[in-house]
Amino acid sequence: MSASRAPRQLGGTGPLLVGVDAGTTNTKAIVVDGAGSVIAGASEPTPIAYPQPEWAEYAGESLWQSSARAIRAALHQVEQPDRVTGITFASMAETAVPLDAAGQPTGPAIAWFDKRTRAEVAEIERRIGADRLFAISGLAPNPIFGLCKLLWHRRHRPEAFARTVKWLNVADYLAWRLCGEMATDYSLACRTFALDVGALAWSREVLDAMAVDPALMAPLVASGRRLGPVGADAAVATGLPRHCVVAVGGHDHAVGALAADAMRPGVLLSSTGTTEAQLMGIAAPARDPALGRAGFSQGVVVVDEPVWFVVGGLSTAGAAIDWFRRTMAGGADYATLIGEAAATPPGSLGAGFLPQLRLGTPPHPDAYARGAFFGLSTDVTRGCLFRAVLEGIAADSQRCALAMAALAQAPPPAAVRVIGGLTRNPLYLRIKASLSGQPITVIELPDAVAMGAALLAGIGAGVYTGLADGQERMRRDERVVSPDPAEHAFYERFVNEVHAPAYPMLRPLHEASRRLLAGSSGAASPDAAR
């Protein structure tokens with residue numbers, strides 16, 4: 001729970017803005033001034049339940065309560081909270097709260113990485129076709145996307161689904177709880193399968209094919225658009241003033257890219273956190289279905305104008321690091337683990353790691369992917385294993401980015417910008433730069449996603465005239481991490497000769513294990529939740 005501190009003494013009388021990042025594991029709220037200086041911040045755990053293997057879900061009310069507590073704790077540190085003029089939420093994508101006519105949830109919000117919806121994605125692919133689905137939505141068949149979860153509710157909870165009148169992504173739901181207005185932005189809508197990414201409209205073709213009423217989907221509006229003032233009950237719950245304007249937010253990775261000024265062609269953004277998304281701006285939607293077949297997605301974010309992007313990434317980056325720390329390192333602190341790994345030479349004494357603990361990494365999409373350590377010996381220490389985890393994440397990330405650029409028919413990125421939690425891991429950044437062979441620019445933002453949300457809040461509240469004005473006025477410190485030439489030469493061979501071949505070699509073993517478990521009576525099978 002957030003620590004309570006005395007209100008901070010502030011100079012000036014200018015407006016303050018609140019940005020909230022409702023993430024997979026934590027919900028963070030920051031208060032900034034018009035120049036982007038962080039005045040206060042707080043974080044609350046995002047309560048998540050794991051009711052059975054491969055299931056993960058949130059309760060809508062718990063999402064709201066954790067957000068309200070984070071906002072209230074941040075505002076408690078501010079001497080003049082009535083100066084807050086705008087607030088915006090960014091959130092994880094592919095997770096939505098189904099609501100009835102009275103505004104009550106009709107079921108849980110299925111987590112984006114939950115795997116229970118494999119049958120639903122197969123049905124969507126059968127009815128529409130993978131290439132046609134990609135041409136419309138910019139997405140390849142994958143069980144994480146929002147429409148799969150909607151169809152799962154309809155199939156498995158028909159009575160509750162019959163009462164459902166709205167399907168709100170997490171950021172949309174939290175904004176509605178603040179001001180009573182329902183809307184969604186394009187960057188979250190494009191993670192549902194149901195958005196026509198080129199036409200910037202809900203796809204009647206997709207929704208009709210799946211017999212889904214378009215009225216379930218929220219109205220589409222630009223990020224940063226004013227929704228309305230904070231309601232009376234929400235003001236009591238959060239401590240926000242009633243005059244504070246709630247503005248439309250978006251998908252956490254896209255919102256972070258706006259804060260980092262990385263949403264433009266030629267720039268690759270690595271947005272690190274629980275996952276690591278590789279995002280690159282493009283001039284127009286790509287048409288080659290090979291991009292989708294390789295597991296990459298396209299999307300769009302609209303503030304002043306549409307900006308299309310391609311995206312791929314790892315489902316477990318920070319999550320793999322946290323998993324290792326909890327299960328194999330006895331909960332050791334990160335500084336200790338980083339120190340042990342830094343004392344280990346590149347290549348981790350032969351130990352390697354595949355970070356695919358939830359889903360496969362493009363260009364090898366695989367709903368049944370499994371992670372692995374390999375190359376172990378009695379010489380391998382805990383520090384070797386932790387370095388192997390970092391090298392495995394960086395290698396998967398690099399292969400994903402290069403394949404994405406090639407399939408999108410774009411040149412390799414001229415610049416790489418990095419935001420998110422892993423920017424606090426200096427060894428990971430060094431490995432990442434040396435593995436790629438090019439400098440990476442680290443954007444020194446306390447929380448890039450929450451900062452991007454605050455930027456959009458400033459647009460909605462009229463503090464900024466538009467996106468360019470907000471980006472110009474909000475300060476960003478940057479630093480460059482350069483590659484080590486000797487390490488780059490080693491890592492080039494490591495990726496090509498060791499890490500890249502590991503996935504196709506191990507996949508048959510993982511598939512055989514899956515079949516064995518599925519056929520064992522009473523075993524906890526990967527298919528048990530289907």
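Read the figures in this text as sums done on the coordinates, not as results from a lab. A quick note: this is a predicted structure, and the numbers were derived from the prediction, not measured. A quick note on method: Cβ atoms are made from the backbone with ideal geometry, for glycine too, and the neighbour counts reach across all protein chains shown.
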**Message:** How much length would be gained if the chain were fully extended between Gln52 and Ala211, taking 0.36 nm per residue of separation minus their Cα-Cα distance, in nm to one decimal?
**Reply:** 54.4 nm
**Asked** How large is log10 I(q)/I(0) at q = 0.12, 0.14, 0.17, 0.21 Å⁻¹ when the Debye formula is applied to the Cα atoms of segment 202-307, each weighted equally and without solvent?
**Response** -0.63, -0.82, -1.06, -1.21
**Item:** Mean projected area in nm² (Cα convex hull; one quarter of hull surface) for segment 411-530
**Value:** 12.8 nm²
**Label point distance in nm, Ala414-Asp366, each placed 7 Å from Cα along Cα→Cβ** = 3.7 nm
**Prompt:** To the nearest Å, what is the center-to-center distance of segment 113-171 and segment 259-294, using C-alpha atoms only?
**Reply:** 23 Å
**Prompt:** Can you list the residues, at least 5 places off or on another chain, whose amide H is less than 5 Å from the amide H of Gly228, using H built in the peptide plane?
**Reply:** Val246
**Request:** Multiply the residue gap between Arg163 and Thr25 by 0.36 nm, knock off their C-alpha separation, and tell me the result in nm, one decimal place.
**Result:** 46.8 nm
**Request:** Would you calculate a helix-derived [θ] at 222 nm for the chain, using -39,500 (n - 2.57) for each DSSP H run of n ≥ 4 and dividing by the full residue count, to the nearest 500?
**Result:** -11000 deg cm²/dmol
**Asked** Normalised by the residues of segment 16-254, what does the relative contact order come to in percent, with Cα pairs under 8 Å and at least six apart?
**Response** 22 percent
**Prompt:** Roughly how big is segment 255-307's charge dipole about its Cα centre, with Cβ charges of +1 (Lys, Arg) and -1 (Asp, Glu), in debye to the nearest 20?
**Reply:** 200 debye
**Prompt:** Could you give the distance between the Cα centres of segment 58-102 and segment 346-416, to the whole Å?
**Reply:** 34 Å
**Item:** Lys/Arg +1, Asp/Glu -1 at C-beta; segment 16-254 dipole; positive extreme among Asn142, Ala96, Ile124
**Value:** Ile124
**Request:** For the chain, would you read off the P(r) tail past 28 Å as a percentage of all alpha carbon pairs?
**Result:** 53 percent
**Request:** Report the full-extension gain for the segment Arg493 to Ala232: residue separation times 0.36 nm, less the Cα-Cα distance, to one decimal in nm.
**Result:** 87.9 nm
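Take each uninterrupted DSSP H stretch in the chain, measure its Cα extent along the helix axis, and return the ones at 20 Å or beyond whose mean Kyte-Doolittle hydropathy is at least 1.6. Could the numbers behind the result be given before it?
Details: long enough: 60-75 (23 Å, -0.02); 382-407 (38 Å, 0.79); 500-519 (30 Å, -0.16).
Flagged H segments: there are none.
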**Prompt:** So how far apart, in nm, are the two label points at Ala101 and Ala343 if each is 7 Å from Cα heading toward Cβ?
**Reply:** 6.8 nm
**Asked** Which of the peptides 316-327, 230-241, 185-196 is most tightly packed, and how do the rest follow, going by the mean number of other Cβ atoms within 10 Å of each residue?
**Response** 185-196, 316-327, 230-241
**Fill in**
Once amide hydrogens are built 1.01 Å from N within the peptide plane, the residues lying 5 or more places from Lys166 or on another chain with amide H under 5 Å from its amide H are Leu99
**Prompt:** Rounded, prolate or oblate: which fits segment 16-254, taking a ≥ b ≥ c as square roots of the Cα gyration tensor eigenvalues, rounded meaning a/c under 1.5, else prolate when a/b beats b/c?
**Reply:** prolate
**Message:** Using the basic label-point model (7 angstrom from Cα toward the beta carbon), what is the Arg514 to Ala130 distance in nanometres?
**Reply:** 1.3 nm
